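J.: Next up is a structure, given as structure tokens.
Since every read-out is calculated from the coordinates, none of them should be taken as a lab result. These numbers come from a predicted model, not from an experiment. Note that we place each Cβ from the backbone using ideal geometry, even for glycine, and neighbour counts take in every protein chain shown.
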Amino acid sequence: MRPLLLGLFAIILTACVDRSVNPVVPEALDVGEPYTVFVASSRAKEADGTYGFRRSDRLSLLELTVSIPPAHQPGDLSFSYANPDPEQQFTLAGQREFATQRDFNARVSQRMRSFDANNREVVIFVHGYNTTQVETAFRAAQMAHDVEIPGQIMMYSWPSRGRAYGYAYDLDSMLFARDGLESFVNQVKAAGAKRVILVAHSMGSALTMEMLRQAELKNPGWASRTFEGVILISPDLDIDLFREQMDEISDVPQPFAIMVSEKDKALGFSARLRGTADSERLGNISSIQKIADLPVEVIDTTAFNEDAASSHFVAATSPSLLAMFKATRPLSQALETENSGIESLFPATLRNSSGATSVTLTAPPSGEDR
């Protein structure tokens with residue numbers, strides 16, 4: 001009874017906060033570090049200029065400038081819905097809307113040319129349930145900044161209700177958003193991205209898999225031709241459904257990584273909500289037995305749960321795990337390889353060519369420098 005009461009109390013508190021209030025504060029860049037996030041949004045634009053939870057069949061294309069506070073520590077995401085403190089909090093410092101796809105593509109192409117030829121990598125982040133557009137921009141900037149991705153971070157903002165009680169609405173929105181995500185990916189490729197990596201979290205993983213499945217049904221081989229890698233983080237996805245989706249992908253992009261944690265409380269709740277006896281979703285599986293024949297890499301991050309701010313997003317909120325990810329890029333550069341960031345994390349030589357690969361990441365001892 002006590003956990004249920006605490007959960008209800010959290011929902012009431014969340015409902016009292018207006019999460020659509022995210023002022024644009026250009027002065028934040030006087031103290032913070034600017035970070036550019038390109039956005040495709042299938043959210044409807046409201047009269048006040050914000051993008052809320054209503055759905056739109058037309059993609060809005062934007063460039064957001066996020067100010068990262070000088071006090072930021074890896075894994076931390078501190079922000080305010082009103083009156084942000086740029087010294088201590090992530091702040092929205094700029095928002096540019098593109099009138100046409102051509103304008104957006106031209107700006108992306110310009111941005112990509114600013115990177116070294118070997119670093120023209122695009123990471124598209126797909127958020128999960130109960131998330132607003134600006135919250136997603138902050139999270140995308142935080143992750144990209146903390147691991148120093150070698151290229152440009154982008155995000156697909158689908159119309160989540162942005163409320164703890166909006167799970168059913170978000171399920172419908174996730175399915176609604178499939179066409180928009182596919183269209184956005186094609187636009188990014190057309191704008192000149194050399195490599196595209198797809199990173200999805202939670203319910204965003206279900207959206208990603210649905211999009212991959214529908215694209216493959218129309219155009220077999222599309223996924224492998226389009227992506228240099230796919231990462232599903234804490235996927236809120238039924239295992240049998242995942243297997244069916246994977247069966248439709250004729251050539252699975254490699255690497256295809258699934259980051260899991262056995263201590264993911266949110267996924268345990270999601271499984272029980274669906275009446276799953278073993279309380280397992282794809283993102284909290286205890287072994288790879290059920291997907292052992294699939295060409296995927298299962299990365300167990302359970303050991304990093306202790307220092308993570310969220311058991312449902314260990315990959316973005318564990319300082320020690322972020323430090324490990326960050327270290328792989330300088331290593332690949334030192335060896336003068338041309339691997340993308342994801343390839344250096346999961347090199348082909350370590351993968352099981354006949355099925356799933358299981359990797360258990362080990363956290364440093366408590367108290368050791370991270």
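J.: Counting only C-alpha contacts under 8 Å and six or more residues apart, can you give the relative contact order of the stretch 228-326 as a whole percent?
T.: Relative contact order of the stretch 228-326: 30 percent.
J.: Could you tell me the relative contact order of the stretch 66-180? Use alpha-carbon pairs under 8 Å, at least six residues apart, and round to a whole percent.
T.: 24
J.: Still on this structure, I have one more. Under 12 Å from a point 7 Å along the Cα-to-Cβ line of LYS326: which residues of the stretch 58-84 have their amide N that close?
T.: Counting backbone N atoms under 12 Å from the label point, the list is 72-76.
J.: So which helices of the chain fit the span-like rule, where a helix is a whole DSSP H run, its Cα atoms reach 15 Å or more along the axis, and its mean Kyte-Doolittle is at least -1.0?
T.: On the way: long enough: 2-15 (20 Å, 1.94); 101-113 (18 Å, -1.70); 133-147 (22 Å, -0.14); 178-190 (18 Å, -0.52); 203-218 (23 Å, -0.01); 319-334 (23 Å, 0.26).
The answer, listed by residue number, is 2-15, 133-147, 178-190, 203-218, 319-334.
J.: Still on this structure, please answer the following. Over the chain, with a Gaussian network built from C-alpha contacts below 10 Å, which listed residue (THR132, THR100, THR301) shows the highest mean-square fluctuation?
T.: Per the Cα network of the chain with a 10 Å cutoff, THR100 tops the list.
J.: Compute the separation of the alpha-carbon centres of the stretch 203-237 and the stretch 248-313 and state it in Å as a whole number.
T.: 16
J.: A further question on this structure: Report the trypsin sites (Lys or Arg not before Pro) located in the stretch 239-316 that are in a DSSP loop and have at most 11 other Cβ atoms inside 10 Å of their Cβ, or state none.
T.: Values: sites: ARG243, LYS263, LYS265, ARG272, ARG274, ARG281, LYS290; in loops: LYS263, ARG274, ARG281.
Sites meeting the loop and neighbour criteria: ARG274.
J.: Under a 10 Å cutoff between Cα atoms, tell me which one of VAL31, VAL252, VAL123 has the largest fluctuation in the Gaussian network model of the chain.
T.: Greatest mean-square fluctuation among the candidates belongs to VAL31.
J.: Further question: Find how much the distance from SER78 to ALA168 grows on full extension, using 0.36 nm per residue of separation minus their present alpha carbon separation; answer in nm with one decimal.
T.: Gain on extension, SER78 to ALA168, equals 29.6 nm.
J.: Let me ask you something else. Local charge sum around PHE98 (other residues, Cβ-Cβ under 10 Å, Lys/Arg +1, Asp/Glu -1)?
T.: Details: positive: ARG96, ARG102, ARG107; negative: GLU63, GLU97, ASP103.
Cβ neighbours under 10 Å give a net charge of 0.
J.: Hey, another quick one. Taking a virtual spin label 7 Å from the Cα of ARG274 along the C-beta vector, which residues in the stretch 156-176 bring their backbone nitrogen under 13 Å of it?
T.: 171
J.: A further question follows. Rounded to the nearest 500, what is the 222 nm mean residue ellipticity of the chain from helices alone, with -39500 (n - 2.57) per DSSP H run of 4+ residues and division by all residues? Display every interim value, and only then the final one.
T.: On the way: 12 runs with 129 residues, N = 370.
Mean residue ellipticity at 222 nm (helix-derived): -10500 deg cm²/dmol.
J.: On to the next question. Between GLN289 and ASN219, what is the spin-label point distance in nm, taking each point 7 Å from the Cα along the Cα→C-beta axis?
T.: The modelled label-to-label distance comes out at 4.0 nm.
J.: I've got another one for you. If I take R0 = 25 Å and measure r between the Cβ atoms of VAL31 and PHE115 in this structure, what FRET efficiency does the formula 1/(1 + (r/R0)^6) give, to the nearest 0.05?
T.: 0.45
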